[in-house]
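Have a look at this one before I ask anything.
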Amino acid sequence: MKELLKKLQIKPAQILALGFFGLIIFGALLLNLPIASNDGQSIGLVNAFFTSTSAVCVTGLVVANSMEQWTLFGKIVIIILIQIGGLGVMTLATTFFLLLGKKIGLKERLVIQEALNQNKISGVVRLTRNIIFGTLVIEGIGALILMFRFLPDYTFIESLGLGIFHSISAFCNAGFDVLSFNSLSPYVHDWTVNLTISGLIILGGLGFTVWHDLIDTTRETIRKKRHHGYWFHSLALHTKLVLVLTTTLLSVGFILFFLLEMNNPGTMQDFSWPQKVLASFFQSVTTRTAGFNTIALDQMTDGSKFITIILMFIGGSPAGTAGGIKTVTLGVVFFSVMSTIRSREETEVFHRRIPDDIIKRSLAIIMMSLGVIISVTIILTITENQTFLDAAFEAVSAFATVGLSLGITGELSVIGKIVIAITMFIGRLGPMTFAVAMAIRYDRKKISVRKPSERVMVG
């Protein structure tokens with residue numbers, strides 16, 4: 001087997017893709033079993049494949065209501081798929097090998113580097129350990145808070161199960177819920193549920209690298225007894241961009257949803273002012289690839305639906321559980337544009353220069369992502385009897401692994417389900433990783449010959 005893999009020269013991106021695909025198939029086979037469905041009947045291979053893909057790709061789009069459809073066995077399978085999909089196949093595999101005392105070789109480290117979207121190979125095993133430990137702590141705290149909140153309405157065992165399920169689902173930005181037929185709508189005015197779920201979503205979407213940097217920098221600041229300005233100054237440029245862009249997008253989303261929905265009779269018109277604030281904030285958070293909702297999405301104004309599409313497309317931050325093109329990708333292109341407008345040759349952010357290869361990669365990610373979304377939207381408008389806005393909303397939600405829907409997922413045809421499942425898979429891997437994984441040839445040699453340059457007209 002090793003000789004065969006060596007001959008095939010499988011790339012890290014391909015190993016990552018095969019790992020996710022294998023997990024999806026395994027999950028689909030389990031969910032297709034009659035024991036997984038409450039009615040004792042198989043849900044069907046296509047529906048099982050769709051649900052497994054949605055869980056592994058931490059999306060949350062479903063063809064059947066999760067609370068009604070799945071037995072305890074089915075729900076356990078789904079939450080395990082979410083946990084593995086959220087952390088990454090290689091992250092958990094590495095942890096398993098470390099527990100067994102196995103040595104992590106160079107090939108494995110390269111795959112981990114690809115999975116965690118790291119720029120360098122050094123420190124990836126240590127980062128993996130920290131990811132697992134941090135995830136267990138955060139999900140455990142979230143589960144306890146939610147469990148105590150659910151206790152008045154459910155038994156202790158039910159509350160514990162619901163707490164664990166929704167804590168993992170929220171932290172992994174999956175959006176699966178088993179509380180009601182309308183996501184978290186029954187808890188639209190509940191501050192404990194809303195703020196706990198929001199906190200888990202944000203922490204999962206920040207990215208594991210950001211956690212690492214924040215903890216190390218905070219320790220260093222306290223140890224050296226530095227002033228508060230030292231803390232932010234010492235953070236890595238990536239962390240600074242994530243914090244600034246995440247705060248900006250959450251704030252802008254909150255304000256826009258509040259203004260657009262505050263007088264909408266289908267959503268927030270009858271809410272009190274504090275309730276409108278809470279609902280608007282949660283809607284801004286959940287569009288960051290989480291998939292939960294507390295208001296009727298199909299009743300939102302077209303303006304809110306469009307804002308949701310934009311925020312879903314951007315998504316969370318790199319090396320985390322969120323999807324989308326990522327905040328830093330958008331930030332790099334934005335600051336590059338600003339530098340061009342100011343006639344500056346180089347792109348500078350927080351007194352640091354961003355390399356040209358990062359800018360090119362960011363532009364490639366955005367263009368490839370738009371290409372996938374446009375293609376999927378066109379296909380859905382042909383195969384499904386849906387409006388353009390509904391089709392575009394579904395396509396972006398699938399690609400950005402969000403899980404929000406205007407209610408058309410359950411109505412998709414077989415072709416539509418397969419297309420959306422493939423879109424979720426591409427979105428979870430990332431367009432660049434998927435493109436590299438699908439490439440037949442992979443030439444590592446750099447061409448040293450430079451072609452003659454010639455200017456063209458743009459704009």
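The values are calculated or read from the model by the stated rules, or taken from the named source; none is laboratory data. Note that the structure is predicted; figures quoted are calculated from it, not measured. Quick reminder, even Gly has a Cβ in these numbers, built from the backbone with ideal geometry, and neighbours come from all protein chains shown. Ligands, DNA and RNA are stripped out before the accessible areas are found, and what is left, the full protein with its side chains, is counted by its heavy atoms. Shrake-Rupley method; radii C 1.70, N 1.55, O 1.52, S 1.80 Å.
Which of the residues that make up region 150-187 are farther than 19 Å from A322 by Cα, in contact with a helix residue (DSSP H, G or I) (Cβ under 6 Å, 6 or more places away or on another chain) and open to solvent by less than 60 Å² (accessible area, probe 1.4 Å)?
Correct list: F150, L151, S159, L162, G163, V178, S180, Y187.
Moving on to the next point. Among the candidates T71, T94, T59, which residue alone is under 16 Å from the mean Cα position of the chain (by Cα) and either modelled with pLDDT under 85 or not acidic (D, E) (or both)?
T59
Further question on the same structure: Among the residues of region 261-276, which ones are under 19 Å from V193 (Cβ atoms) and open to solvent by 60 Å² or more (accessible area, probe 1.4 Å)?
P274 - this is the single residue of region 261-276 that is under 19 Å from V193 (Cβ atoms) and open to solvent by 60 Å² or more (accessible area, probe 1.4 Å).
If you go through region 118-129 one residue at a time, do you hit one that is modelled with pLDDT under 90, more than 18 Å from D216 (Cα to Cα) and touching a helix residue (DSSP H, G or I) at 6+ places or on another chain (Cβ under 7 Å)?
yes
Identify, please: which residue in region 292-339 is aromatic (F, W, Y) and either open to solvent by less than 10 Å² (accessible area, probe 1.4 Å) or in contact with a helix residue (DSSP H, G or I) (Cβ under 7 Å, 6 or more places away or on another chain) (or both) and is, among those, nearest to S167 (Cα to Cα)?
Of everything passing the filter in region 292-339, F292 is nearest to S167 (Cα to Cα).
Taking the conditions exactly as written (under 24 Å from V58 (Cβ atoms) and either modelled with pLDDT of 90 or more or of a type in the set (V, I, T) (or both)), does F399 satisfy them or not?
Spelling it out, F399 is indeed under 24 Å from V58 (Cβ atoms) and either modelled with pLDDT of 90 or more or of a type in the set (V, I, T) (or both).
Give me a count of the residues in region 168-198 that are touching a Lys or Arg at 6+ places or on another chain (Cβ under 8 Å), closer than 15 Å to R149 by Cα and not aliphatic (A, V, I, L, M).
The qualifying residues number 3.
Mind checking whether some residue in region 210-221 is loosely packed, with under 14 Cβ neighbours inside 10 Å, of a type in the set (S, T, Y) and out of contact with any Asp or Glu (no Cβ under 9 Å at 6 or more places or on another chain)?
Yes, that holds for at least one residue.
Now for a different question. Can you say whether L200 is in a helix (DSSP H, G or I) and surrounded by fewer than 24 Cβ atoms within 10 Å (Cβ to Cβ), as far as the supplied structure shows?
no
Condition check: in contact with a Phe, Trp or Tyr (Cβ under 9 Å, 6 or more places away or on another chain), free of Cβ contacts under 8 Å to residues at least 12 places away in the same chain and farther than 27 Å from S369 by Cα. Does P265 satisfy that?
So P265 does not fit the description; no.
For L61, are the conditions met, namely being open to solvent by 10 Å² or more (accessible area, probe 1.4 Å) and either in contact (Cβ under 8 Å) with a residue 60 or more places away in the chain or not in a loop (DSSP other than H, G, I, E, B) (or both)?
So L61 does not fit the description; no.
For region 40-57, does any single residue satisfy the condition of being in contact with a strand residue (DSSP E or B) (Cβ under 8 Å, 6 or more places away or on another chain) and open to solvent by less than 10 Å² (accessible area, probe 1.4 Å)?
No, that holds for no residue.
Could I ask something else about it? Among the residues of region 228-242, which ones are in contact with a Ser or Thr (Cβ under 9 Å, 6 or more places away or on another chain) and either of a type outside the set (S, T, Y) or over 14 Å from F350 (Cβ atoms) (or both)?
Correct list: H228, Y230, W231, F232, L235, A236, H238, L241, V242.
Would you be able to say whether some residue in region 27-34 is more than 16 Å from G161 (Cβ to Cβ), out of contact with any helix residue (DSSP H, G or I) (no Cβ under 7 Å at 6 or more places or on another chain) and in a helix (DSSP H, G or I)?
Yes - at least one qualifying residue is present in region 27-34.
What residue, of F254, F258, is within 26 Å of the chain's Cα centre (by Cα) and open to solvent by 50 Å² or more (accessible area, probe 1.4 Å)?
F254
Where residues in region 348-397 are of a type outside the set (D, E, K, R) and in a loop (DSSP other than H, G, I, E, B), which of them is least open to solvent (accessible area, probe 1.4 Å)?
Result: I354.
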